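The structure appears right after this line, and notes come after that.
The values are calculated or read from the model by the stated rules, or taken from the named source; none is laboratory data. Everything quoted here is computed from the prediction, not taken from an experiment. Ideal geometry is used to build each Cβ from the backbone, glycine not excepted, and the neighbour counts take in all protein chains shown.
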Amino acid sequence: MDWDKLRVFHTVADVGSFTRAGQRLSLSQSAVSRQVSALEMELGFQLFYRHTRGLRLTEQGQQLYGTAKDIVRKISVAQTTLRDSKEEAAGNLRIAMTVAFGSTWLTPRIKKFLSLYPDINVSLILDDEELDLPLHQADIGIRLRPPQEERLIKLKLRDVSFVVCGSRRYFEKAPVPESLADLDDHPIVTYGEFAPGYFSEINTLLSAGRTKQAGPREPVLRVNNVYGVLLAVKNETGIAMLPEYLVLRDPEIQQVLPEFCGPKFEMHLVYPEELRNFKKVQAFRDFLIEELNAFGNS
């Protein structure tokens with residue numbers, strides 16, 4: 001069986017579409033489709049049910065996916081072990097995190113890490129969908145909830161609270177809400193349907209201070225990630241829930257309704273068990289903890 005075809009099949013099964021698999025593999029959608037069709041012809045059975053809403057694995061496809069998943073993991077581990085030294089802080093390091101944390105907090109600080117460790121080649125992967133670390137889609141993940149996968153080392157970094165806020169320029173033109181009921185008089189920006197599922201907990205502004213008879217508020221805008229919501233708020237689109245770390249030191253943002261307790265998430269650093277002793281992983285772990293502590297104390 002051709003390894004390239006199996007790798008493409010595994011990626012398609014992982015993400016559920018030819019288009020997204022192509023984006024991950026840097027291939028065209030048609031090239032991915034051809035590889036899967038060629039593998040199906042080689043095996044003599046169908047791997048996916050194709051329909052307008054996406055792809056679904058057949059029974060044989062599910063069996064092959066389980067096998068392919070284990071093969072991909074073992075090859076990824078072997079490649080990492082052979083390529084990178086455990087004894088030196090050197091080699092490639094892929095770090096996956098949410099778009100907002102990566103764009104606004106980590107990217108401005110990564111130059112310091114690169115200066116400290118010039119032999120580490122860093123790739124920042126900004127994606128609100130969690131990559132599969134046991135399959136080595138990334139080496140390290142920074143997540144807003146504890147990992148569900150097995151074989152991962154996890155380290156809680158801090159709690160992340162979401163607070164109610166708006167643009168200072170917006171509040172120069174509109175009254176500052178003093179109660180949850182006052183939110184009826186303001187446009188609300190929320191997290192949309194393509195945001196990660198756990199983000200639905202953040203949309204509490206739609207129902208906070210409302211009776212069942214009145215029903216939830218209608219948002220003026222839905223955005224599928226935190227960074228987009230931040231930009232909408234800065235442009236005076238409305239009031240929203242945003243992470244405290246993102247807005248506390250931002251002179252353009254004003255927190256309101258401080259007594260209202262929004263959702264709280266646990267930020268974790270996670271990485272595969274087999275990378276425990278790699279110096280490059282340890283170097284980034286220690287750097288991140290030091291920077292977060294300095295940020296919290298400043």
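Name every residue in region 262-292 that is surrounded by fewer than 18 Cβ atoms within 10 Å (Cβ to Cβ), touching a strand residue (DSSP E or B) at 6+ places or on another chain (Cβ under 8 Å) and over 22 Å from E130 (Cβ atoms), in order of residue number. None; the set is empty. Restricting attention to region 89-134 and to residues that are surrounded by fewer than 15 Cβ atoms within 10 Å (Cβ to Cβ) and among the small types (G, A, S), the residue that is farthest from R73 (Cα to Cα) turns out to be S115.
Conditions tested, residue by residue: (1) modelled with pLDDT under 90; (2) small (G, A, S); (3) on the phi > 0 side of the Ramachandran plot.
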| residue | (1), (2), (3) |
| --- | --- |
| P251 | no, no, no |
| C261 | yes, no, no |
| V270 | no, no, no |
| E273 | yes, no, no |
| E290 | no, no, no |
| S298 | yes, yes, no |
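Considering region 111-129, the residues that are in a helix (DSSP H, G or I) and touching a helix residue (DSSP H, G or I) at 6+ places or on another chain (Cβ under 9 Å) include one that is farthest from Q23 (Cα to Cα), namely L116.
Here V176 passes the criteria (1) exposed (fewer than 15 other Cβ atoms within 10 Å of the Cβ); (2) in the same structural domain as I110 (by TED's automatic domain parsing); (3) in contact (Cβ under 8 Å) with a residue 12 or more places away in the chain; (4) on the phi < 0 side of the Ramachandran plot except the one numbered (2). Tell me, please, whether a residue that is over 18 Å from the mean Cα position of the chain (by Cα) and over 30 Å from A90 (Cβ atoms) can be found in region 267-275. No. Annotation: G22 fulfils all but one of (1) assigned to a helix (DSSP H, G or I); (2) under 18 Å from Q62 (Cα atoms); the unmet one is (2). Exactly one residue among K74, K86, K69 is surrounded by fewer than 20 Cβ atoms within 10 Å (Cβ to Cβ) and at pLDDT below 70, and that residue is K86.
From the set of residues in region 34-59 that are hydrophobic (A, V, I, L, M, F, W, C) and not in a helix (DSSP H, G or I), which is surrounded by the most Cβ atoms within 10 Å (Cβ to Cβ)?
L47
Give me the residue from region 141-154 that is under 20 Å from K69 (Cα atoms) and not polar (S, T, N, Q) and, out of that set, surrounded by the most Cβ atoms within 10 Å (Cβ to Cβ). Filtering region 141-154 for residues that are under 20 Å from K69 (Cα atoms) and not polar (S, T, N, Q), the one surrounded by the most Cβ atoms within 10 Å (Cβ to Cβ) comes out as G141.
Conditions tested, residue by residue: (1) part of a strand (DSSP E or B); (2) touching a residue at least 40 places away in the same chain (Cβ under 8 Å); (3) not assigned by TED's automatic domain parsing to the domain that holds L257.
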| position | (1), (2), (3) |
| --- | --- |
| C165 | yes, yes, no |
| V189 | yes, yes, no |
| N203 | no, no, no |
| G209 | no, no, no |
| K212 | no, no, no |
| P219 | no, no, no |
| V229 | no, yes, no |
| T237 | no, yes, no |
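When A138 is tested against (1) assigned to a loop (DSSP other than H, G, I, E, B); (2) surrounded by fewer than 17 Cβ atoms within 10 Å (Cβ to Cβ); (3) of a type in the set (G, A, S), just one condition goes unmet, and that condition is (2). For first residues located in region 239-254 and assigned to a strand (DSSP E or B), partners that are of a type in the set (K, R) and lie 6+ apart or on another chain with Cβ distances below 9 Å form the pairs I253/R168; I253/K234; Q254/R168.
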